[in-house]
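Undergrad: One structure follows; several queries about it will come next.
The values are calculated or read from the model by the stated rules, or taken from the named source; none is laboratory data. If you're wondering where the values come from, they're calculated on a predicted model, not measured in any experiment. Note that each Cβ is placed from the backbone with ideal geometry, even for glycine, and that neighbours are counted across all protein chains shown.
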Amino acid sequence: MDKFKINGPSKIRGEVSISGSKNAALPILAATLLFDKNVTIKNLPRVKDIDTMLNLLKSLGRKITFKNNKKIATISKGKKNNFFAPYSLVKTMRAGILVLGPLLAKNKKAKVSSPGGCSIGVRPIDIHLKAISKLGVKIQIKKGYVNAIAQEGLVGSEIRFSKISVGATENLILAACLANGTTTIKNCAIEPEIKDLTNFLKAAGAKIKWIGKRTLKIEGVKTLKNITYSIMNDRIEAGTFCVAACLNGGNLKIKNFEPKIINTEINLLKKIGAKIKTTKNTIQINGPKKIRSLDFLKTGEYPNFPTDLQAQIMVLLTKANGKSIIEENIFENRFMHVPELKRLGAKINIKGNKAIIEGTDNLEGAELMSSDLRASVALVLAAFISRGTSIINRVYHLDRGYEKIENKLKKIGVNIKRISK
Ligand code: UD1
């Protein structure tokens with residue numbers, strides 16, 4: 001298992017270019033199951049979760065050819081048309097459940113492994129299944145598998161999500177765009193990755209319309225036409241680098257990213273003292289000399305502050321001039337980075353879904369353990385502002401979602417080395 005060795009403290013300087021978005025690419029790759037024609041997807045990030053989704057597509061009978069170091073993939077229909085998504089592929093990546101909607105739309109049946117638990121919380125799929133069953137689907141869960149069948153094919157319906165869910169919104173969009181008739185979906189997630197998915201499907205001829213802030217109307221079409229589409233860039237990676245630049249009074253130009261997508265995050269970083277200038281697709285960020293604490297920050301659905309940046313912003317607040325409070329509202333077990341940050345000397349107390357952080361300047365390197373994707377990048381940030389050497393174990397979590405992070409960090413001044421055994 002690979003580890004990172006980091007010697008701190010470092011200060012960030014230079015330029016970094018943002019990669020394609022993992023969370024936008026995953027549903028768009030699942031959507032390619034809806035096509036009879038070829039689809040070319042550009043700007044794929046080279047991360048583990050994307051490999052897993054591509055392997056899942058292959059196991060479902062798709063043919064895939066690559067260009068440009070696997071950043072461009074052309075996906076076409078093979079001879080076989082499978083409808084079985086095995087546990088071995090879905091267990092490592094929850095987004096595997098996103099093939100359920102398209103498989104039903106194309107084959108009227110699907111057998112997809114339930115993704116099971118996850119270190120950041122229970123993460124059930126009840127909202128996905130309840131909504132999909134409203135499209136005329138009979139669902140049975142047996143031996144860890146979702147067995148779904150739509151005898152007459154999918155039929156449009158009116159659905160209101162009881163809770164906002166990114167994945168369930170995506171799954172339903174994927175199911176509804178080839179369904180018979182019109183589907184109205186209320187209380188949708190409106191994350192930028194969902195807009196990327198609807199833009200992609202619309203470009204291929206799907207009839208999808210946002211008719212309210214969180215309401216979608218989808219008129220089913222018979223087929224989708226072949227297209228080439230470039231995935232949006234990763235807002236969580238961009239946010240992570242913005243935080244990194246603020247940690248030690250750094251100075252960073254972030255290229256290849258539209259700042260307006262992360263307005264909430266940029267305003268927050270200005271509040272803690274960062275100086276930020278933006279153009280249409282760059283962010284110039286100068287970290288503050290002294291980080292100001294935040295009275296209260298809560299995570300929420302877009303356009304609120306993302307849970308996927310909670311761990312990173314917590315690292316920043318461990319150095320602030322006073323007490324800050326973060327409330328986690330999306331996942332019930334997303335403070336697993338806290339005991340690790342405490343090993344470096346951070347002063348954090350957990351009370352229910354709140355973390356109370358007391359700023360300190362005395363972080364010292366230690367040996368740490370990654371627990372999940374975003375927690376592990378937070379440990380990298382914390383390690384490079386700590387004095388001395390840190391070892392971060394289990395960086396495979398990080399490899400699931402960040403493209404060559406150590407190379408990008410090295411170029412902007414972080415002393416980081418991957419140790420592979
Ligand atoms: C997606 C993102 C993930 C991000 C999360 C929240 C991808 C691949 N992953 O995950 O990085 O942290 O959105 O922005 O895009 N829930 C249920 N039942 C369901 C579905 C969800 O109770 O059927 C709960 C979850 O446990 C969680 C909340 O709803 O507490 C939100 O989850 P959801 O928006 O569905 O997250 P994901 O799509 O899994």
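Undergrad: Would a scan of segment 101-111 turn up a residue that is within 28 Å of Asn329 (Cβ to Cβ), in a helix (DSSP H, G or I) and out of contact with any helix residue (DSSP H, G or I) (no Cβ under 6 Å at 6 or more places or on another chain)?
TA: First, the residues of segment 101-111 that are within 28 Å of Asn329 (Cβ to Cβ): 101.
Subset that is in a helix (DSSP H, G or I): 101.
When the remaining residues are screened for being out of contact with any helix residue (DSSP H, G or I) (no Cβ under 6 Å at 6 or more places or on another chain), the result is none.
No.
Undergrad: Still on this structure, I have one more. Taking segment 303-326, which residues are of a type in the set (Gly, Ala, Ser), away from the ligand (no atom under 12 Å from the Cβ) and either under 14 Å from the mean Cα position of the chain (by Cα) or crowded, with 22+ Cβ neighbours inside 10 Å (or both)? If you could, list the steps in order and put the result at the bottom.
TA: Within segment 303-326, the subset of a type in the set (Gly, Ala, Ser) is 311, 320, 322, 324.
Then keep just the ones that are away from the ligand (no atom under 12 Å from the Cβ); that gives 320, 322, 324.
Result: Ser324, single match.
Undergrad: Looking for something surrounded by fewer than 16 Cβ atoms within 10 Å (Cβ to Cβ), of a type in the set (A, V, I, L, M, F, W, C), without any contact (Cβ under 8 Å) to a residue 40 or more places away in the chain and more than 18 Å from Leu103 (Cβ to Cβ) - is there at least one such residue anywhere in segment 187-197?
TA: no
Undergrad: Check Ile291 against each of (1) surrounded by 15 or more Cβ atoms within 10 Å (Cβ to Cβ); (2) more than 28 Å from Asn43 (Cβ to Cβ); (3) within 14 Å of the ligand (Cβ to nearest atom); (4) touching a residue at least 40 places away in the same chain (Cβ under 8 Å) and name the one condition it does not meet.
TA: Tallying (1) surrounded by 15 or more Cβ atoms within 10 Å (Cβ to Cβ); (2) more than 28 Å from Asn43 (Cβ to Cβ); (3) within 14 Å of the ligand (Cβ to nearest atom); (4) touching a residue at least 40 places away in the same chain (Cβ under 8 Å), Ile291 fails exactly one: (3).
Undergrad: Could you list, in sequence order, all residues of segment 196-210 that are of a type outside the set (Phe, Trp, Tyr), touching a helix residue (DSSP H, G or I) at 6+ places or on another chain (Cβ under 9 Å) and part of a helix (DSSP H, G or I)?
TA: Matches in segment 196-210: Asp196, Leu197, Thr198, Leu201.
Undergrad: If you take the residues in segment 347-397 that are within 16 Å of the ligand (Cβ to nearest atom) and within 22 Å of Asn415 (Cβ to Cβ), which one is surrounded by the fewest Cβ atoms within 10 Å (Cβ to Cβ)?
TA: Applying the filter and picking the extreme gives His397.
Undergrad: Inspect all residues belonging to segment 327-338 and state whether any of them is away from the ligand (no atom under 16 Å from the Cβ) and in contact (Cβ under 8 Å) with a residue 24 or more places away in the chain.
TA: For segment 327-338, residues away from the ligand (no atom under 16 Å from the Cβ) and in contact (Cβ under 8 Å) with a residue 24 or more places away in the chain: present.
Undergrad: Continuing with this model, one more query. Please pick out the residue among Asn286, Asn281 that is outside the structural domain of Ala189 (by TED's automatic domain parsing), surrounded by fewer than 22 Cβ atoms within 10 Å (Cβ to Cβ), out of contact with any Gly (no Cβ under 7 Å at 6 or more places or on another chain) and under 18 Å from Pro9 (Cβ atoms).
TA: Testing whether each residue is outside the structural domain of Ala189 (by TED's automatic domain parsing), surrounded by fewer than 22 Cβ atoms within 10 Å (Cβ to Cβ), out of contact with any Gly (no Cβ under 7 Å at 6 or more places or on another chain) and under 18 Å from Pro9 (Cβ atoms) leaves just Asn286.
Undergrad: How many residues does segment 19-46 contain that are among the hydrophobic types (A, V, I, L, M, F, W, C), surrounded by fewer than 24 Cβ atoms within 10 Å (Cβ to Cβ) and in contact with a strand residue (DSSP E or B) (Cβ under 9 Å, 6 or more places away or on another chain)?
TA: Of the residues in that region, 1 qualify.
Undergrad: So which residues in segment 72-92 are within 18 Å of Lys37 (Cβ to Cβ) and out of contact with any helix residue (DSSP H, G or I) (no Cβ under 8 Å at 6 or more places or on another chain), if there are any at all?
TA: Listed by number, the residues that qualify are Ile72, Thr74, Ser76, Lys77, Gly78, Lys79, Lys80.
Undergrad: Ok, one more. Can you tell me which residue in segment 161-197 is farthest from the ligand (Cβ to nearest atom), limited to those that are within 13 Å of Leu216 (Cα to Cα) and basic (Lys, Arg)?
TA: So, considering only residues that are within 13 Å of Leu216 (Cα to Cα) and basic (Lys, Arg), the one farthest from the ligand (Cβ to nearest atom) is Lys186.
Undergrad: Sort out which residues of segment 274-306 are under 28 Å from Asp361 (Cβ atoms), in contact with a helix residue (DSSP H, G or I) (Cβ under 8 Å, 6 or more places away or on another chain) and of a type outside the set (A, V, I, L, M), and write them in order of number.
TA: Asn286, Gly287, Pro288, Arg292, Ser293, Thr299, Phe305, Pro306
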